[in-house]
Structures are given as structure tokens and as C-alpha cells.
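What follows is a set of notes on a single structure, which appears directly below.
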Amino acid sequence: GEAITVGELAKQMGVKAAEVVKKLLLLGLPVTVNQAIDFDTAALVAAEFEYEVEKTGFEEEDILRTEEDRPEDLKPRPPVVTVMGHVDHGKTSLLDAIRHTNFTAEEAGGITQHIGAYHVKLDNGDVVFLDTPGHEAFTAMRARGARVTDIVVLVVAADDGVMQQTVEAINHARAANVPIIVAINKIDKPEANPDRVKRELAEHGLIPEEWGGDTIMVEVSAKKKIGIDDLLEMILLQAELMELKANPNKPARGRVIEAKLEKGRGPVATVLIQEGTLRVGDAYVCGVHYGRVRSLFNDRGQRISEAGPSMPVEVIGLSGVPMAGDDFAVVADEKQARMVAEHRLRKQREKELSRTTKITLEKLYEQI
Ligand code: GTP
Ligand code: MG
């Protein structure tokens, strides 16, 4: 339930913290100023000072709750694809190849990697690629119940085969229940052996379609730009099967992909919009932070006014730097945003405080 530190309670009653500590001691509770006490204890000691403690706790869900979408409001959205694989197997090269075969020369010149996410427009549909989530970020997101990826493209170098991080990526994708498309890369190399890669993948339960399994495997060369279109086609095919949809006509919700503090810009977060549409001026809560969207930038660093489902955007106008995996939700106004953010911060502090107390007690026992 709700808790408050002794110091905070004293402050709110306008009495010295030492007085409250003393009262609690007399009540048989030796505590320190920074220690959190529960509601009942707070009520008890407050009564000693002729104060009444009121429960002001609220459920976040009351503010953040969104209605269940009606089927007719759900619109198709682009798949979000994360490229994973062992070190040096060619993830970045593959993304480069994808970008350059699908942007005009003029556009390509303007593409600097602003936000570690790319929105690729193809003839048969759009795909959003995430470059950011390394295994750690992926794990962190999964631990927090966040699922931002629809499809994993597993890159395996044909000259190197299945390695430790290949197996880790397979496990991550499986645990998150995300379909895997294998890109067997570097087939231009003389020592490339795609069949060996397939055998090794089969040992880990990924059986290629040609062997009667159901894993799509595409042989590519990021360097020589071989098989890139095939790979994109397979991604779109897989996405089509998944019938990915979201309601664009409601307050936006999304996940932080990465965040940092930038000189002259303040806290900057890359957010993947998962439902609704985010607009400049929207009030939002993001992890324990909140704010109002000051400006939005797309994957090419261009200023935009709004972003819909599956779109990665850079958001400026945050009260602090959030963490990868934090949720992002638009609320009615800044006051509500602040209320939720502060509530979360309070809860987080309580958790930290109780942890500190435990550690101290353990240390104490050690000494005894
Ligand atoms: P990390 O981000 O460090 O894990 O590596 P990565 O998986 O992003 O690999 P990257 O794209 O940086 O490529 C690693 C090396 O492999 C580079 O020297 C690339 O030039 C080379 N490489 C990538 N793809 C191919 C390919 O299709 N053929 C050949 N011959 N070399 C490739
Ligand atoms: Mg790389």
C-alpha cells in the first residue's frame, strides 16, 4: 500500500522530524528520518500531533486507461523488425544495404542515422527497422513486459555459422514469441557454406522450409547487395500473415527505444509509437518523467507534426531522461501527466528505501 518517509510526514505536518522519530520510538518503533512507514503507522503517529492522514493514492489505470478498440477502428500498421545476430555477422551492413536499395540517391545523402530506427517505404508496404536494441536492451524490454518487435531478422554469416550470440538471439526471440526470419549473410565469400549454417540452425530448432520446416531463410550478401529484395519480400509476407493492426485515432502510447541528454536540446527520447497518434503539444507521461511534446523528428531528422502506429520518433520536451523500455502515454493535460509521474517516482523511492533498510538490517546481523 501507500507509504511515506518519516521526514516527509514531519514536513507535511510542519513539525520537526526529530519529534516524529521520538514519538515513533515511544510507540515502540525505532526508525530513521529517511525510513518509509506504512499508512497505518503514519496515521497513528499523525494522530499524536492531532493530524489526520488521508489516503490520496490513486490507480494509474484511472488516468491511463484506454477503451478497448472496436475492430472497425483498427487499421493496418507497418511491421517493426529488429535485426539481431552475432558480432560482425553483418547486421549494420544489411541495414545499410536495405536503406540504400530503397531510398533515392538524393534521400540517401540526407540519411544520417539520427535515431537508430529506419522507416523503409517499399512498393508493397512499409517496414520499420530497429537498429538499436542490442541484446541487453531487448532483455530489459522483455523483463518489463514490453514487446516492440513484430519480427526478428536473424543474421548469420555463412562463413562463420551459428555462434553464441546467434543462439542468444534465437532464445530471446522465442521467449518473446516473435517469429524469426533468417538472413544467411556473406554468401559472396568463397568460404561461405550456407548448408552448414542451415544444419546448425536446425540443431536449434530452426528448420528451413526446403527441409520441410517453417523457418524462412534467405541467402544474402549485404556487401554485394544480393538477395536484399528477397529478404524484404519475405518480411512483408510474414507481416501480412500477422495482420498487424492498431488504432491511429486515439491518444498515443508507445515505448522508449533509447534516450539521452543532448547539449542544447535537453532530454531526447526515441519513442516507438504503438497505438494512437502523437502530436506536437500533447501532454504525456514517460516512465517517471512527464512533459509536453515540444517538437517531433522522424528517422531522417526532419521535423514532423505527428506520428502514428509503428513510427519511431524523437521526442523533445521531457522533464528528465527516461530508460529504454519505459512506457510512453499521452494523457489529457500536463497536470495529470505530472500526477502520474510523481506517483511513480514516489513508488520507486519507496522501493529503494525499503531495499536500503533491508540491506542495513542484513549488515547489522552480519556484525552481530
Ligand atoms: P556488430 O555491430 O559489431 O555486431 O557487427 P555487425 O553485425 O553490424 O557487422 P557489420 O555490418 O559491421 O559487418 C562486419 C564486417 O563484415 C564488416 O567488415 C563488413 O564489411 C563485413 N560484411 C558484412 N556483410 C558482408 C557481406 O555480405 N559480405 C562480405 N564479404 N563481408 C560482409
Ligand atoms: Mg553493427
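The values are calculated or read from the model by the stated rules, or taken from the named source; none is laboratory data. Quick caveat, the model's predicted, so the values are computed rather than measured. Every residue, glycine among them, receives a Cβ derived from its backbone with ideal geometry; neighbour counts consider all protein chains shown. These accessible areas exclude ligands, DNA and RNA; they are computed on the full protein's heavy atoms, side chains included. Shrake-Rupley method; radii C 1.70, N 1.55, O 1.52, S 1.80 Å.
A few points about this structure:
- Unique match (being of a type in the set (D, E) and free of Cβ contacts under 8 Å to residues at least 12 places away in the same chain) among D62, D38: D62
- Any hit, the stretch 75-91, residues being closer than 30 Å to Q274 by Cβ, within 16 Å of ligand 1 (Cβ to nearest atom), open to solvent by 40 Å² or more (accessible area, probe 1.4 Å) and basic (K, R): yes
- 3 or more residues without any contact (Cβ under 8 Å) to a residue 60 or more places away in the chain: qualifying strands (runs of 3 or more DSSP E) within the stretch 240-296: 266-275, 283-286
- Test set (1) part of a strand (DSSP E or B); (2) open to solvent by less than 40 Å² (accessible area, probe 1.4 Å); (3) touching a residue at least 24 places away in the same chain (Cβ under 8 Å) - G301 fails condition number: (1)
- In a residue-by-residue description of the stretch 42-50, the property of being in contact with a strand residue (DSSP E or B) (Cβ under 6 Å, 6 or more places away or on another chain) and either touching a residue at least 24 places away in the same chain (Cβ under 8 Å) or not basic (K, R) (or both) applies to at least one position.
- Residue within the stretch 208-228 that is surrounded by fewer than 18 Cβ atoms within 10 Å (Cβ to Cβ), at negative phi, part of a helix (DSSP H, G or I) and aliphatic (A, V, I, L, M) present: no
- Whichever residue in the stretch 177-204 is open to solvent by less than 30 Å² (accessible area, probe 1.4 Å) and within 16 Å of ligand 2 (Cβ to nearest atom) and, among such residues, is farthest from L237 (Cα to Cα): N185
- Residues (under 17 Å from A158 (Cα atoms), assigned to a loop (DSSP other than H, G, I, E, B) and in contact with a strand residue (DSSP E or B) (Cβ under 9 Å, 6 or more places away or on another chain)) located in the stretch 170-207: K186, I187, D188, K189, A192, L206, I207
- When the stretch 272-287 is filtered for residues that are under 23 Å from K347 (Cβ atoms) and at pLDDT 95 or above, the ones remaining, listed by number, are A283, Y284, V285, C286.
- From P190, P194, P248, P208, residue being touching a Gly at 6+ places or on another chain (Cβ under 6 Å) and not hydrophobic (A, V, I, L, M, F, W, C): P248
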